[in-house]
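First comes the structure, then the notes that go with it.
The values are calculated or read from the model by the stated rules, or taken from the named source; none is laboratory data. Just so you know, these numbers come straight off a predicted model, no measurement behind them. Heads up, the Cβs are rebuilt from the backbone with ideal geometry, glycines too, and the neighbour counts pull from every protein chain shown.
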Amino acid sequence: MKTIYSILRNMTLLLLLGACGSNEKQAPQENVPETDGRLLVQREQFNNRGMALGQMEDMELGNTVTASGRIDVPPENKAVVSAYHAGYIKAAPLLVGDQVRAGQVLLTLENPEFVRLQQEYLEIAGQMDFLRSEYERQQVMLEEKISSRKNFLQAESNYRSALATYNGLKKKLELLHLDPAEAEAGNLRATVPVLAPISGSISQVDVGIGMFVSPSDPIMEIVNTDHLHLELMVFEKDLLKIQKGQHINFRIPEATGDLYQGEVYLVGSSLDPETRSIKVHGHLEEDAPANLAVGMFVDAGILTGSKAFKVLPEEAIIKGDNGYFVFHLQEEDEGQLVFRPVAVEIGQSSGGYTAVLNAGDFPEGSRFLTRGGYSLLAGS
């Protein structure tokens with residue numbers, strides 16, 4: 001407390017010395033005199049500086065668990081595109097950021113193997129009528145005891161084996177988006193399209209024209225941002241405080257200081273053994289900005305409960321070298337107000353108010369300088 005008083009006394013003396021050394025014709029500068037550790041403020045001074053008085057209020061402040069994480073989307077809203085068959089990239093017209101719809105052609109693959117698959121399909125398709133007819137004929141002859149059971153089983157085996165091959169090749173063509181009917185009509189193609197599995201925007205492109213890709217190679221990534229959510233990490237010590245439905249306040253520290261809202265939707269059931277933390281899934285409120293991007297880092301606070309405190313506006317609490325203090329009103333009349341700086345212990349803050357933990361040190365009905373405290377310190 002002596003430090004605060006010494007600072008204020010030195011500031012006042014400097015201001016008085018500066019006024020004495022100035023030109024006599026210069027307008028007198030406003031000063032805040034000090035008397036026995038108290039500060040005297042003229043009523044005119046108080047009004048001109050926009051200062052204000054107020055009392056401590058009872059307010060419910062939320063208990064907050066701090067967490068960090070990022071903006072993400074559910075697994076069904078993110079797709080890594082790959083090909084069902086190896087091939088060379090023949091056309092890749094899309095860029096990162098392009099919007100696509102489910103089923104849209106993303107790129108084209110070329111491979112002579114596509115022609116061979118269609119040829120094999122045509123060959124087996126041409127045999128199906130004969131093998132089915134032979135199977136049905138042998139079945140009739142067996143029933144009439146004209147042919148042996150051995151011949152019937154051989155015809156049945158040939159037919160069923162060919163049918164399996166026919167259905168398998170037909171399915172392969174369909175997966176490659178090649179129409180079996182066109183192949184049967186003799187329209188063979190050496191290129192196949194790769195289609196978008198979901199609607200969204202392209203977030204990554206890993207290929208270029210002429211590249212050879214196999215089924216295990218990622219070609220591009222599509223993200224649907226219609227349902228952004230928060231993926232937060234909460235440490236083990238705070239886990240039991242987190243429940244579904246709790247309110248979340250979060251900021252994007254690298255982009256803006258604006259505060260956005262969300263809600264806890266799911267709490268993970270297993271801890272990460274390395275970080276001793278657990279994932280918390282949060283839904284965004286409807287007023288969240290539309291330009292949030294997947295992967296943005298967020299700083300969040302999860303409100304886990306509330307408690308009644310005596311509070312003052314944040315502006316009323318001044319940070320000093322050795323802690324915090326407030327200007328406590330001692331006397332007031334029509335001409336002046338007298339304040340004394342008094343140390344306070346502060347707690348959590350919310351909505352522009354800060355809890356005063358040693359509120360019991362002040363008499364009931366005490367009034368404080370709630371606006372203009374730093375101006376008073378500066379003496380300007």
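For the reader, a short list of remarks on this structure follows.
- Residues in segment 248-269 that are among the hydroxyl-bearing types (Ser, Thr, Tyr) and surrounded by fewer than 18 Cβ atoms within 10 Å (Cβ to Cβ): 256, 265, 269.
- Flag for residue 111 being outside the structural domain of residue 248 (by TED's automatic domain parsing), exposed (fewer than 12 other Cβ atoms within 10 Å of the Cβ), over 30 Å from residue 252 (Cβ atoms) and more than 22 Å from the chain's Cα centre (by Cα): no
- The listed residue being at pLDDT below 90, out of contact with any His (no Cβ under 6 Å at 6 or more places or on another chain) and farther than 30 Å from residue 205 by Cα, out of 119, 138, 154: 138
- Leading residue by the ranking (farthest from residue 112 (Cα to Cα)) among those in segment 158-169 that are under 54 Å from the mean Cα position of the chain (by Cα) and surrounded by 18 or more Cβ atoms within 10 Å (Cβ to Cβ): 162
- Among residues of segment 126-145 that are more than 9 Å from residue 156 (Cα to Cα), those with a beta-carbon under 8 Å from a residue that is among the hydrophobic types (A, V, I, L, M, F, W, C) at least six positions away or on a different chain give the pairs 127/162; 128/162; 128/163; 137/155; 141/152; 142/152.
- Residue tally, condition among the small types (Gly, Ala, Ser), assigned to a strand (DSSP E or B) and either more than 30 Å from residue 223 (Cβ to Cβ) or out of contact with any Lys or Arg (no Cβ under 9 Å at 6 or more places or on another chain) (or both), over segment 150-201: 1
- A search for C-beta distances below 7 Å between a residue of segment 324-337 that is closer than 16 Å to residue 376 by Cα and any residue that is surrounded by 15 or more Cβ atoms within 10 Å (Cβ to Cβ) and of a type in the set (Lys, Arg), counting only pairs 6+ apart in sequence or on different chains, returns 328/340; 329/367; 330/38; 330/340.
- Picking from residues in segment 73-83 that are of a type outside the set (Val, Ile, Thr) and buried (at least 18 other Cβ atoms within 10 Å of the Cβ), the one that is nearest to residue 228 (Cα to Cα) is 77.
- Against the list (1) within 25 Å of residue 306 (Cα to Cα); (2) modelled with pLDDT of 90 or more, the condition residue 338 fails is (1).
- So residue 242, is it assigned by TED's automatic domain parsing to the domain that holds residue 285, surrounded by 12 or more Cβ atoms within 10 Å (Cβ to Cβ), among the β-branched types (Val, Ile, Thr) and under 23 Å from the mean Cα position of the chain (by Cα): yes
- Residue selected from segment 338-350 under the condition in contact (Cβ under 8 Å) with a residue 40 or more places away in the chain and either within 29 Å of residue 248 (Cα to Cα) or not assigned by TED's automatic domain parsing to the domain that holds residue 53 (or both), by the criterion surrounded by the most Cβ atoms within 10 Å (Cβ to Cβ): 350
- Selection from segment 244-275 of residues that are assigned to a loop (DSSP other than H, G, I, E, B), touching a residue at least 40 places away in the same chain (Cβ under 8 Å) and among the polar types (S, T, N, Q): 246, 275
- Meets criteria (over 35 Å from the mean Cα position of the chain (by Cα) and in the same structural domain as residue 38 (by TED's automatic domain parsing)) for residue 370: yes
- Selection of segment 67-96 for residues being in contact (Cβ under 8 Å) with a residue 24 or more places away in the chain, outside any loop (DSSP other than H, G, I, E, B) and under 26 Å from the mean Cα position of the chain (by Cα) yields 67, 68, 69, 70, 71, 72, 76, 77, 78, 79, 80, 81.
- Counting only strands (runs of 3 or more DSSP E) that sit completely within segment 293-348, those holding 1 or more residues that are among the aromatic types (Phe, Trp, Tyr) correspond to 297-313, 323-332, 336-344.
- Residues being within 10 Å of residue 264 (Cβ to Cβ) and either in a loop (DSSP other than H, G, I, E, B) or not assigned by TED's automatic domain parsing to the domain that holds residue 230 (or both) - total across segment 277-292: 0
- When each of 132, 137, 149 is tested for being more than 60 Å from the chain's Cα centre (by Cα) and surrounded by 14 or more Cβ atoms within 10 Å (Cβ to Cβ), the lone residue that passes is 137.
- Single residue of segment 219-259 satisfying the filter (among the β-branched types (Val, Ile, Thr) and modelled with pLDDT of 90 or more) that is nearest to residue 63 (Cα to Cα): 242
- In the set (1) modelled with pLDDT under 85; (2) touching a Phe, Trp or Tyr at 6+ places or on another chain (Cβ under 8 Å); (3) within 30 Å of residue 206 (Cα to Cα), residue 298 fails one condition alone, (1).
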